[in-house]
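Inspection log for the structure reproduced underneath, given as structure tokens.
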């Protein structure tokens, strides 16, 4: 999880990933940020994140993003 | 049938009465019939194009649905994986064929003449004879229904929902009349349930719908149409005035366009609310945005969402863009490298937004203007973040919010030089005139009155704008004005509704001096 927080902070230093739980719903995380994060996650965790995975539920919080990574690692 | 005329109101009234008179199960048929009548009132040939699109996309939707229903049933995981890959490939081919056909129709009808005129320019420079310019009919709402049907097909490909098997129900989704003039580009999963359900009569829907319709009509008549002659004069004869007046023209055009487009959307969303059918919202106080990215999340939302889901994400997450990021990492600092793919995807998306606005290099420049500034914003973000951190500035502070709004509106106004100047050269000349000859010293009452800005014309516009600003600020603070009105005592509601109706009749429907101007985005 620490590694994920580091990646997220590097991409979007102004966002409080530790506490926000409605990152997409509240418009805190923009599509540009999401693409940047996805690109970093794909590189760092060696996973393939599909367009279908880009739903608010998967990006509303750091925990949700972590769950997505774990799911994709298991699947792939 | 112009939607801001009395005929449309009579048509709408009849449709609403019929809708609630017949049994719930078949109410959607009234909507379909009304939509067909509405669309054919613009001409039979336009209807033919629409019918072809409906039949074609319906056939492809069933095909995609059939492929999506097939589940790989091989004995081993390896076989199943191979089958799945084959199936995905087939689905991709079907979708590609559907999208090519769909966008080809839009491309030929909307951009055919622009393409031929550019080809002519090239071949004429080699002394060859020019091709005659094609003059195709542009069916009403083609840019909206092509995007709507394409979005539907992509969703089917992604397995988001099963296809609509009833062709008449599907036709209603495509040609539902409140969305045909200038959108919004609705999503099937959001619109379909209310569209087919047969909604029960609800007094609140009637109140909300009527209030919103009145608001839209007044916005269009009192602000957009009142500003239109001044804007037209300042864009066409900008050389006759000081350069600062050209800037004023662009700023007024921003207001005119917003009140025209969102006024039309209010009228049509209000009309849809009368049937109990909510459509996607298209605006959220765009001129209160604090960045250009924020502006595009609040302006023409349905197009922005469409571009994000069906173009930006697939493009930015494509393998080619992945390779680009990898290459960028090897030559650029990490902080910049990870921003390369989203930046490039943004420029491409806004290039498409510019092209969507209409044929012409000026529109392409408009798209690039927005795309490049947004990309620069993304590249600048880490530096800005460090600065804010270093000096302990607060982004939510009033100064930074006001600064953000002014800066964003300035960029939007300059962008509008391109989108309304008629040609790229004209836009650049206008911009040059603004910068090189602002002529602040020669601004006087005579200059303003010569473009139609006298106290008599400006005061009513300012009053209407003040009301609009108050409503926008209230919405920004989360207060829904129509909901607020509907929660008042019955006589307060009655008074507001009566005053609104009176104003609408006096200023619009009963005013013989007022001739409505066609909506800017009608027929794009």
**Length-normalised contact order of chain B in % [C-alpha pairs under 8 Å, at least 6 apart]** = 19
**Message:** Please compute the Kirkwood hydrodynamic radius of the protein assembly as shown from all pairs of different C-alpha atoms, in Å with one decimal.
**Reply:** 26.6
**Item:** Gap separating the Cα centres of the range B:239-289 and the range B:18-56, nearest whole Å
**Value:** 28
**Request:** First measure r as the distance between the Cβ atoms of residue A:75 and residue B:161, then evaluate 1/(1 + (r/R0)^6) with R0 = 22 Å and state the FRET efficiency to the nearest 0.05.
**Result:** 0.45
**Prompt:** By how many nm would the segment from residue B:383 to residue B:463 lengthen if fully extended, with 0.36 nm per residue of separation less the alpha-carbon distance?
**Reply:** 24.6 nm
**Request:** For an R0 of 22 angstrom, estimate the FRET efficiency from the Cβ-Cβ distance between residue B:424 and residue B:122 and round to the nearest 0.05.
**Result:** 0.85
**Added length on full extension, which subtracts the Cα-Cα distance from 0.36 nm per residue, residue B:236 to residue B:323** = 26.6 nm
**Request:** First measure r as the distance between the Cβ atoms of residue B:497 and residue B:115, then evaluate 1/(1 + (r/R0)^6) with R0 = 35 Å and state the FRET efficiency to the nearest 0.05.
**Result:** 0.10
**Complete:** Both in Å, the radius of gyration and Dmax of the C-alpha trace of chain B are 25.1, 85
**Item:** Relative contact order (%) - the range B:287-420, alpha-carbon pairs under 8 angstrom, separation at least six
**Value:** 33
**Fill in**
With Rg from the Cα atoms and Rh as the Kirkwood inverse mean 1/r over Cα pairs, the range A:2-75 has an Rg/Rh of 0.91
**Likely footprinting exposure, B:274, B:469, B:21, B:453, fewest C-beta neighbours within 10 Å first** = B:21, B:469, B:453, B:274
**Complete:** Taking B:38, B:498, B:177, B:388 and counting other beta carbon atoms within 10 angstrom, the fewest-first order is B:498, B:388, B:38, B:177
**Message:** Please report the spacing between the Cα centers of the range B:175-230 and the range B:291-332 in Å, no decimals.
**Reply:** 30
**Request:** Rounded to the nearest Å, what's the spacing between the alpha carbon centres of the range A:31-76 and the range B:77-140? Just the number, please.
**Result:** 33
**Length-normalised contact order for the range B:309-365 - Cα pairs under 8 Å, 6+ apart - percent** = 29
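Computed from the coordinates by the stated procedures, all read-outs in this text should not be read as laboratory data. In this text the structure is predicted, and so the values were computed from the model without any measurement. Virtual Cβ from ideal backbone geometry, glycine too; neighbours counted across all protein chains shown.
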